[in-house]
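Visitor: Sharing a structure here in structure tokens format.
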Amino acid sequence: MELREIAELVGGSVVGDETVEIRGVTNIEEAGSGDITFAVPPHLEKAAASQAAAVIIPSDISQFAKPAVRVDNPRMAFAKLLEHFTPPVAVERGVHPSAVIGNRVVLGQNVAIMAHVVLADDVVIGDNTVIYPHSYIGAGVVIGSDTLIYSNVSIREGCQIGSRVILQNGAVIGSDGFGFVTIQGRHHKVPQVGNVIIGDDVEVGANTAIDRATTSSTVVNRGTKIDNLVHLGHNVVIGENCFVVALTGISGSTKVGNQVTFAGQVGSTGHITIGDNCVFAARAGIIGDVAPNSFFAGFPARPHKEWLRAEAYINKLPDLVKKVKELEKRVTELSPEG
Amino acid sequence: MELREIAELVGGSVVGDETVEIRGVTNIEEAGSGDITFAVPPHLEKAAASQAAAVIIPSDISQFAKPAVRVDNPRMAFAKLLEHFTPPVAVERGVHPSAVIGNRVVLGQNVAIMAHVVLADDVVIGDNTVIYPHSYIGAGVVIGSDTLIYSNVSIREGCQIGSRVILQNGAVIGSDGFGFVTIQGRHHKVPQVGNVIIGDDVEVGANTAIDRATTSSTVVNRGTKIDNLVHLGHNVVIGENCFVVALTGISGSTKVGNQVTFAGQVGSTGHITIGDNCVFAARAGIIGDVAPNSFFAGFPARPHKEWLRAEAYINKLPDLVKKVKELEKRVTELSPEG
Amino acid sequence: MELREIAELVGGSVVGDETVEIRGVTNIEEAGSGDITFAVPPHLEKAAASQAAAVIIPSDISQFAKPAVRVDNPRMAFAKLLEHFTPPVAVERGVHPSAVIGNRVVLGQNVAIMAHVVLADDVVIGDNTVIYPHSYIGAGVVIGSDTLIYSNVSIREGCQIGSRVILQNGAVIGSDGFGFVTIQGRHHKVPQVGNVIIGDDVEVGANTAIDRATTSSTVVNRGTKIDNLVHLGHNVVIGENCFVVALTGISGSTKVGNQVTFAGQVGSTGHITIGDNCVFAARAGIIGDVAPNSFFAGFPARPHKEWLRAEAYINKLPDLVKKVKELEKRVTELSPEG
């Protein structure tokens, strides 16, 4: 494929030799002499110095040391190219003879139900949905179209999964919430009779666990992307288009707005409300309601600026101790008995 | 079901109209006009203002704005009602033809061994125990009665599981402990030849991993409830009726007493002893033995009051720096050259 | 087996009665009157006071209160004994009839492909490799010899696994990296078309998730041991002979040298470089490049000594506040209006 053709595909304009042949798409570090990569500031020089044959760059860059394609959004163009150069994983459609299909199951057109999948009674699966081996779909689960469920996933009874959802391997949707009533030191289980609702275009990471609600629903709204090994407690509601990064845990009944980002290993207490557009830095520990548009860090989580200031004051402590010692000395010298 | 009947069921007394018809049981936020919910302080007003038809309240409340049932323990009554209104998940008893059963396996009465379950040789399963699809039960494992093992669970060779135990989806019981001997920079595996013993009435959360002992047993004693994504290292012993909340990790050979609570994302070093009735706040990082009845927080974990005090002092730092600056100025003014 | 024979087996010398009969191998706490255990300082007295029949001790100890075997490395000798006393888990070789084998799969000599295993097309498995039930091996995966894959493991398409590797139950190798391009608030998936390469002699813990690279490879080099519930992001490279302890998360594209130790619950930001021989204390939060041979702690992670000093200063704060109050009083007394 010539660079000219790539520019057409991504709606960009060529800088330099438009006949350069492109055979692959990869990142800067790995790019060889037949590859195209992409770069945005501050990585432009690194890309220029790489082995790559060509680079996708922002449209506000007019000159570049290599053949380049200028586009408004280099990341998006790069994603488009990756898709173009990567044939979709070939999947044989149909129901594998080793799959076990319950009563009254409804399967859409063109589904792939692979080896050893188990669909319990009353499951409904939309068109083009693919389920990999060893995944278990509980009774009454409804799954939309074009959804991709990798191997060893468990979706428990009564849960609802949207369209174009991706569940990575080992994800658990609808395990019991952690609800007990303690009487005289013994913990009695509160039946967890709700479900989980996963909206359209959601992605759930490997070995992530999302608990079903005690009653009603734990909800992950559309477009939200959840990383690996995340815990969402019962009755949690996550808004649209959020990011929940690996090893984060959100305790029961907490409600999260739209476009919220939880960086890695964040924790949140339960029964609180977090507004739209909040960002929590890695390791933030959230202990109360958070207003929309907040950027929080630290534990207990507070505005990022405050956290930085507190950290700075802690770093000044040795200096402060020294100053106080000097003051003590000076005051002693000044005092009558000094 | 009339409110009068519900009061009988939970052993309570009605306040207000005892003929109100109840069709469902749910939480305050979700309650509709046919539902009963429960409330304890400080949520009583919220419940009174809800859509609910009736509320279960503590017996020391004599007046309420809605029809209510007064009971000694509203949570317990609520759990009882949830059970009453929820039929148990219907499970077909017997051994599914796709299950693979090893030699000398002993199955109790009324078990359900579902599709694609694998029971290795010499497994013993008690009466009424249910095992969901894709769970693997290793050689020589003994499981008690009325135990519920959800899908994609692994129980490795030689482990013992009590009665009325619940293992949520993806839980791993008896993976190898993390034991190596490092010689000249290479790590040699110490064979992990012990097992895991899970007591009666224990619950283990989704994708939680409990390692087998190097020798002897890793033990979770009866009544303890473990949340999702928890790690228990080899030779850990957890007492009775503990809570271990999500994303907590307990390192090898640590011994924990009874009635201990680890809130979310707690970590503990190995080879220590934690006394009965301790409570560890979320994110506590335990680095040494802890006496019984301690309430610890922070990292390194210390008495909660000390931790609060240290946090308060940190918050006072800007003020302290200001004071020292002022003092410096005053001392300079007082000094002969000032 | 007499103690004399054990000494021969481990290349040590007996102190005391060399005819003592040894029937088992276990740790100090569990040792009974027929068992041998091992001890190194500071546990020698505990071992001497135990029920054990004999103890393996360091060769620089010349006297001991019990029959003992002196060796250069007691841990290594103990590991050898454990192996000797423990017959390897008996595994029936061959392909179980319920396993599903794709097209063009190549199986080595003496493999065990157990019940319900699924091998997709073009998988290659080396000699003596064992795969437990419910594990899924994706298309084109290549696995070396003498590798042990426990139940419910997922290895996704195109990944490469070395020889003598151990994958504990529920591990996920090759799930999609967490890569998105956000445009006008919506997150678009960047196809994750790379793979994961696991070197020889690596161990991966239960329910650990290792993401495939966006392009090229996420790599875990030979001899590295990874504990349970660890997250490795896309394009991470871990060197040789590292330890990654439970609940640690390493973000995308971070490169780690050889012989690095991450203790429990450590987190690292992405796109950084960590040198050889670094040690990170539990809970360290790594936010930038780290030079070789560093011993870091705290969040943000810094040299362990600095972290200790900062902690010490924080502990001195109450004292400092008191001193400043006293100084204020003294200065007021000294001042003209005092």
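The values are calculated or read from the model by the stated rules, or taken from the named source; none is laboratory data. Bear in mind the structure is a predicted one, so any value in this text is a computation, not a measurement. FYI the Cβ positions are ideal-geometry reconstructions off the backbone, even for glycines, and counts take in every protein chain you see. What goes into the accessible areas is simple: the full protein's heavy atoms, side chains included, and nothing from ligands, DNA or RNA. Shrake-Rupley method; radii C 1.70, N 1.55, O 1.52, S 1.80 Å.
Visitor: When DSSP assigns beta bridges and you keep just the ones with both residues in the stretch C:94-296, what percent turn out antiparallel, to the nearest 5?
Guide: The antiparallel fraction comes to roughly 5 percent.
Visitor: Just how large is the dipole of chain A about the Cα centre, in debye to the nearest 20, putting +1 at every Lys and Arg Cβ and -1 at every Asp and Glu Cβ?
Guide: Details: 27 positive and 35 negative charges, 241 e Å.
That gives chain A a dipole magnitude of about 1160 debye.
Visitor: Between beta-carbons, use under 12 Å as the cut-off and find the net charge around C:Val20, counting Lys and Arg +1, Asp and Glu -1.
Guide: Details: positive: C:Arg4, C:Arg23, C:Lys66; negative: C:Glu2, C:Glu5, C:Asp17, C:Glu18, C:Glu21, C:Asp35.
Combined, the nearby Lys, Arg, Asp and Glu give -3.
Visitor: Still on this structure, please answer the following. Name the residues whose placed amide hydrogens come within less than 5 Å of the amide hydrogen of C:Val279, ignoring near sequence neighbours (fewer than 5 apart) on the same chain.
Guide: HN-HN under 5 Å from C:Val279: C:Thr261, C:Ser294, C:Phe295, C:Phe296.
Visitor: Show the residues, 5+ positions off or on another chain, whose built amide H is closer than 5 Å to the amide H of C:Arg302.
Guide: C:Ala297
Visitor: Follow-up question, since we're still on this one. Across the Cα atoms of the stretch A:3-85, what radius of gyration and what greatest pairwise Cα-Cα distance (Dmax) are found, in Å?
Guide: 10.7, 27
Visitor: Sticking with this structure for a sec: Take every residue in peptide B:320-332, count the Cβ atoms of other chains within 10 Å of its Cβ, and give the average of those counts. Walk me through the numbers before you get to the answer.
Guide: Numbers: counts 9, 7, 0, 6, 11, 2, 2, 10, 6, 0, 8, 12, 1.
Neighbouring Cβ atoms belonging to other protein chains average 6 per residue here.
Visitor: Same structure again: Which whole number gives the average, over all residues in B:21-30, of C-beta atoms from other chains lying within 10 Å of the residue C-beta? Present the calculation step by step, with values, prior to reporting the outcome.
Guide: Values: counts 0, 0, 0, 2, 3, 6, 7, 0, 5, 7.
What the average comes to for B:21-30 is 3.
Visitor: Using a/c under 1.5 as the rounded threshold, could you call the stretch B:91-236 rounded, prolate or oblate? The axes a ≥ b ≥ c are square roots of the C-alpha gyration tensor eigenvalues, and prolate needs a/b larger than b/c, oblate otherwise. The partial results should precede the final answer.
Guide: Details: a/c = 2.09, a/b = 1.68, b/c = 1.25.
Since a/c reaches 1.5 and a/b is larger than b/c, the shape of the stretch B:91-236 is classed as prolate.
Visitor: So what J values fall out for the stretch B:260-275 if you push phi through Karplus, 6.51 cos²θ - 1.76 cosθ + 1.60 with θ = phi - 60°, rounded to Hz, Gly and Pro as x?
Guide: Going residue by residue, I get 8, 10, 10, 6, x, 6, 6, x, 10, 5, x, 6, 10, 10, 10, x Hz, with x marking Gly and Pro.
Visitor: Just to confirm a number: summing +1 for Lys and Arg and -1 for Asp and Glu over residues other than B:Thr182 whose beta-carbon lies under 10 angstrom from that of B:Thr182, what do you get?
Guide: Numbers: positive: B:Arg186, C:Arg75, C:Lys225; negative: none.
Taking every Cβ under 10 Å from that of B:Thr182, the sum is +3.
Visitor: If R₀ is 30 angstrom, what is the calculated FRET efficiency for the pair B:Leu308 and B:Asp60, using the beta carbon separation as r and rounding to 0.05? It would help to have the intermediate numbers written out before the result.
Guide: On the way: r = 31 Å, r/R0 = 1.03.
Here the calculated transfer efficiency is 0.45.
Visitor: Also, quick follow-up: Whole Å is fine, so just give me how far the alpha carbon centre of the stretch A:290-306 lies from that of the stretch A:90-133.
Guide: Spelled out, the Cα-based centre of one part sits 45 Å from the other.
Visitor: All other residues with a Cβ under 11 Å from the Cβ of C:Ala213 taken together, and with Lys, Arg as +1 and Asp, Glu as -1, what is their net charge?
Guide: -3
Visitor: Give the nm distances, rounded to one decimal, from C:Glu83 to the matching residue in every other copy, measuring between label points 7 Å along Cα toward the beta carbon; shortest first.
Guide: 5.2, 5.2
Visitor: Any aspartates and glutamates with Cα under 20 Å of the A:Lys329 Cα? List them, leaving off those in the same chain fewer than 8 positions away.
Guide: Counting by Cα, and skipping residues close in sequence, A:Lys329 has these aspartates and glutamates nearby: A:Asp319, A:Glu337, B:Glu326, B:Glu328, B:Glu333, B:Glu337, C:Asp319, C:Glu326, C:Glu328, C:Glu333.
Visitor: Taking a ≥ b ≥ c as the square roots of the Cα gyration tensor eigenvalues, with a/c under 1.5 meaning rounded and otherwise prolate when a/b beats b/c, else oblate, which class fits chain A? Walk me through the intermediate numbers first.
Guide: Values: a/c = 3.02, a/b = 1.13, b/c = 2.67.
Verdict is oblate for chain A.
Visitor: Mind listing the phi-derived Karplus ³J(HN,Hα) values for the stretch A:111-124, rounded to whole Hz, using 6.51, -1.76 and 1.60 with θ = phi - 60°, and x for any glycine or proline?
Guide: 7, 10, 10, 7, 4, 6, 5, 10, 10, 6, 4, 6, 6, 10
Visitor: Here is a follow-up. Provide the per-residue ³J(HN,Hα) series for the stretch C:134-148, in order, calculated from phi with Karplus coefficients 6.51, -1.76, 1.60 and θ = phi - 60°, each as a whole number of Hz, with x at glycine and proline positions.
Guide: Calculated HN-Hα couplings, in order: 6, 8, 10, 10, x, 4, x, 5, 10, 10, x, 9, 6, 8, 10 Hz.
Visitor: Another one. With both bridge residues required to lie in the protein assembly as shown, what share of the DSSP beta bridges run antiparallel, to the nearest 5%? Let's see the in-between values first.
Guide: Working: 30 of 225 bridges.
Here the share of antiparallel DSSP bridges comes out near 15 percent.
Visitor: Roll a 1.4 Å probe over the protein chains and send me the accessible area per residue for the protein assembly as shown in Å².
Guide: 39
Visitor: According to the square roots a ≥ b ≥ c of the eigenvalues of the Cα gyration tensor, what is the shape class of the protein assembly as shown, taking rounded for a/c under 1.5, prolate for a/b larger than b/c otherwise, and oblate for the remainder? Present the calculation step by step, with values, prior to reporting the outcome.
Guide: Details: a/c = 1.13, a/b = 1.13, b/c = 1.01.
Because its axes are fairly even, with a/c under 1.5, the protein assembly as shown counts as rounded.
Visitor: How about the stretch B:163-263: which chymotrypsin sites (Phe, Trp or Tyr not before Pro) there lie in a loop by DSSP and see at most 16 other Cβ atoms within 10 Å?
Guide: On the way: sites: B:Phe178, B:Phe180, B:Phe243, B:Phe262; in loops: B:Phe178.
Those that pass, being in a loop and sparsely packed, number zero.
Visitor: How many Å² of accessible surface get buried when C and B come together, counting both sides, probe radius 1.4 Å, rounded to the nearest 100?
Guide: On the way: alone 17850 and 17850 Å², together 30910 Å².
Summing both chains' loss of accessible area gives about 4800 Å².
Visitor: In addition: Can you give the helix-only mean residue ellipticity at 222 nm for the protein assembly as shown, where every DSSP H stretch with n ≥ 4 adds -39500 (n - 2.57) and the sum goes over all residues, rounded to the nearest 500 deg cm²/dmol? Don't jump to the answer; show the numbers that get you there.
Guide: Values: 15 runs with 165 residues, N = 1014.
Theoretical 222 nm ellipticity from helices: -5000 deg cm²/dmol.
Visitor: Which residue, chosen from B:Leu44, C:Val237, A:Gly194, occupies the Cα position most advanced towards the positive end of the dipole of the protein assembly as shown, where the dipole is computed from +1 (Lys, Arg) and -1 (Asp, Glu) charges on Cβ about the Cα centre?
Guide: B:Leu44
Visitor: Listed highest first by mean packing, meaning other Cβ atoms within 10 Å per residue, what order do C:274-282, B:26-34, A:267-275 come in?
Guide: Details: C:274-282: 21.0, B:26-34: 17.4, A:267-275: 19.4.
Taking the mean over residues of other Cβ atoms within 10 Å, the ranking is C:274-282, A:267-275, B:26-34.
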